[in-house]
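A.B. asks: Please read through the structure below; I'll follow up with questions.
Quick note: the coordinates plus some simple rules give every number you see, no bench work behind them. The model shown is predicted, which means the values in this text are computed figures rather than measured ones. Cβ: placed from backbone, ideal geometry, glycine included. Neighbour counts: every protein chain shown.
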Amino acid sequence: MRASLRQKAMAVCDAKIAQKGQGVGLSFYAFFANKNDDPDLLMEAATWWIETHRLDHFEKATKIRAMLEALA
């Protein structure tokens, strides 16, 4: 996963956790606007989420944040 996507995803996780608490779930779609303006980046996130890690559609933001942090 490219660094810019990882940083954006971590920021989204942080914002969701701050807004809704430690138990909040999210999908990789949360990392994008409601437009498909960068299909390559969307597929990169989908591949990381679905193919690489075989995650469920919704996962705890804290889990995703920890996984992303481990990539650093």
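A.B. asks: Could you list, in sequence order, the residues of the stretch 30-57 that are loosely packed, with under 13 Cβ neighbours inside 10 Å, closer than 19 Å to ALA11 by Cβ and not basic (Lys, Arg)?
C.D. replies: Within the stretch 30-57, ALA33, ASN34, ASP37 qualify.
A.B. asks: Determine if the stretch 36-58 includes at least one residue that is touching a Gly at 6+ places or on another chain (Cβ under 8 Å) and not polar (S, T, N, Q).
C.D. replies: Within the stretch 36-58, one or more residues are touching a Gly at 6+ places or on another chain (Cβ under 8 Å) and not polar (S, T, N, Q).
A.B. asks: Out of the stretch 59-71, which residues are surrounded by 15 or more Cβ atoms within 10 Å (Cβ to Cβ) and in a helix (DSSP H, G or I)?
C.D. replies: ALA61, THR62, ILE64, ARG65, MET67, LEU68, listed by residue number.
A.B. asks: All but one of (1) outside any loop (DSSP other than H, G, I, E, B); (2) more than 10 Å from the chain's Cα centre (by Cα) hold for MET10; which doesn't?
C.D. replies: (2)
A.B. asks: Quick test of your reading of the structure: ASP56 fulfils all but one of (1) outside any helix (DSSP H, G or I); (2) touching a strand residue (DSSP E or B) at 6+ places or on another chain (Cβ under 7 Å). Name the failing condition by number.
C.D. replies: The single condition ASP56 does not satisfy is (2).
A.B. asks: If you don't mind, another one. LYS35 - would you say it is outside any helix (DSSP H, G or I) and basic (Lys, Arg)?
C.D. replies: For LYS35, the condition - outside any helix (DSSP H, G or I) and basic (Lys, Arg) - is met.
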